[in-house]
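In what follows, a single structure is set out as structure tokens and then discussed.
What follows is calculated from the coordinates using simple rules that are stated; it is not laboratory data. Remember, predicted model here, so these are calculated numbers, not experimental data. With ideal geometry, Cβ positions are generated from the backbone for all residues, glycine too; neighbour counts draw on all protein chains shown.
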Amino acid sequence: MRTLLRLGAYQLHFAGVRPHAAVAETVALAPKRLRAFANAILRNVSRTAMVWPDRATELSYPQWMFDLLTAELGDDALPVMQRMNEPPPVSVRDDGYVQDRASQWVAASVGAAPGERVLDMCAAPGGKATAMAAREGADGAFVVAADVAAQRVHLIGSNVARLSAAVAPVVADGTSSPFVAGSFDRVLLDAPCSGLGALRRRPDARWRITAPDIDNLVLLQGALLNQAATLVRPGGALVYSVCTLTAAESINHTVPDGLDVDTAEPTGAWEPFAHGWRVLPHHHDTDGMVLIRYRRRS
Ligand SMILES: C[S@@+](CC[C@H](N)C(=O)[O-])C[C@H]1O[C@@H](n2cnc3c(N)ncnc32)[C@H](O)[C@@H]1O
């Protein structure tokens, strides 16, 4: 009955169905003994102007997430949340891979150069790894694309084969990395995160993630960041990125031992965010992301 009443209310206030039709069709679906009840409620609903109980409900965000984004983003919070309720634009790279523009900016900001060895520590499905790597017959970097999830490493393999990219997919847990210390010119840590900047790609994600999940992700990110730092050669670069907007998952992480923050402006339309960089979804119609650049001391 509750589901029917919701469907009826939706038709009345959002779907533009004529009131008598919305009421009659919904009542007809109700069990006989409840039809008078359904009819009374829906007729009342049709005569009543709709009032949202609060902004979080209106924008369809869990209250804790609404509060968190409001506290973190201030005046940008509402436009960010509104934009993340709209479908994302489709952006296609020159090689045909579909990838959000801010993700392309992250890959470009790693600055992988011909002949360099690059590690993408959390690489599946391989979007950024394939963006950073050389192509068959062309100069470029060699990328080791690692991920802890074996089935997702399979996705990297398919993308690498399709794009003929100089990428070696590897199943590896970044928190206990199998690689030799200092063996990469550059490391990208595109860390697992709450995804609060990319909610429009997974409209249901906001209802699955919880505040304690973020605390656990922060711990995992910290462990990955410290491991990633050891793998960069002296003078080499580490880029940390997340598709979320919270400070806890980005700028609040301690700078790893032996690394300095690199304040050089990254490629793309980033804005300064403490010692890192951030892009908000409504500014350039991209996913929201944070990026931090580090360099290992020589
Ligand atoms: C944001 S996604 C990476 C997206 C990818 N960089 C791209 O551009 O296509 C984060 C990835 O981290 C992986 N991951 C989670 N925990 C990990 C760990 N301990 N070690 C390595 N990868 C991990 C997840 O399986 C997931 O594929």
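Across the alpha-carbon set of the chain, the Rg to Rh ratio works out to 1.11, Rh being the Kirkwood radius. Could you tell me what percent of the DSSP beta bridges with both partners in the chain are antiparallel, to the nearest 5? That works out to approximately 45 percent antiparallel.
By the beta-carbon count within 10 Å of each Cβ, the least crowded to most crowded order of Asp147, Asp185, Asp95, Asp204, fewest first, is Asp204, Asp95, Asp185, Asp147.
Label separation (Leu34 vs Arg55): 3.6 nm, computed from points 7 Å beyond Cα along the C-beta direction. Listing Thr57, Thr130, Thr254, Thr230 from fewest to most neighbouring C-beta atoms within 10 Å gives Thr254, Thr57, Thr230, Thr130.
A full extension of the chain between Thr254 and Val90 corresponds to an added length of 55.5 nm, given 0.36 nm per residue minus the alpha carbon distance. Near Ala168, the amide H atoms lying under 5 Å from its own belong to Val143, Val144, Ala145; only residues 5 or more places off or on other chains count, and H is placed 1.01 Å from N.
Applying the Karplus relation 6.51 cos²θ - 1.76 cosθ + 1.60 with θ = phi - 60° to the range 100-115 yields 3J(HN,Hα) values of 4, 5, 5, 5, 5, 5, 4, 4, 5, 6, 5, x, 4, 10, x, x Hz, where x marks Gly and Pro. If the segment from Trp207 to Ala264 were pulled out straight at 0.36 nm per residue, it would be longer than the present Cα-Cα gap by 16.8 nm. By the count of other C-beta atoms within 10 Å, a proxy for reagent exposure, Thr267, Thr286 are ordered fewest to most as Thr267, Thr286. A straight chain from Asn216 to Glu271 at 0.36 nm per residue would run longer than the Cα-Cα distance by 17.1 nm. Hey, quick one: spin label on Val180, modelled 7 Å out along Cα-Cβ, who in the range 236-273 has an amide N within reach, i.e. under 19 Å? Answer for this model: 236-237. Adding -39500 (n - 2.57) for every DSSP H run of four residues or longer, then dividing by how many residues the chain holds, sets the calculated 222 nm ellipticity at -11500 deg cm²/dmol.
With both labels modelled 7 Å from their Cα along Cα-to-Cβ, the Glu72 to Arg47 distance reads 4.6 nm.
Taken one residue at a time, the phi angles of the range 193-199 give Karplus couplings (6.51, -1.76, 1.60, θ = phi - 60°) of 8, 6, x, 5, x, 10, 5 Hz. Gly and Pro are set to x. Summarising the amide proton neighbourhood of Thr267: residues at separation of 5 or more, or on other chains, whose placed amide H is nearer than 5 Å comprise Ser109.
Among DSSP beta bridges whose residues both lie in the range 96-204, state the antiparallel percentage, nearest 5. Beta bridges within the range 96-204, antiparallel portion: roughly 5 percent. In order along the range 24-38, the Karplus-derived 3J(HN,Hα) couplings, from 6.51 cos²θ - 1.76 cosθ + 1.60 at θ = phi - 60°, round to 4, 5, 6, 4, 5, 7, 6, x, 3, 5, 10, 5, 5, 4, 4 Hz, and Gly and Pro are given as x.
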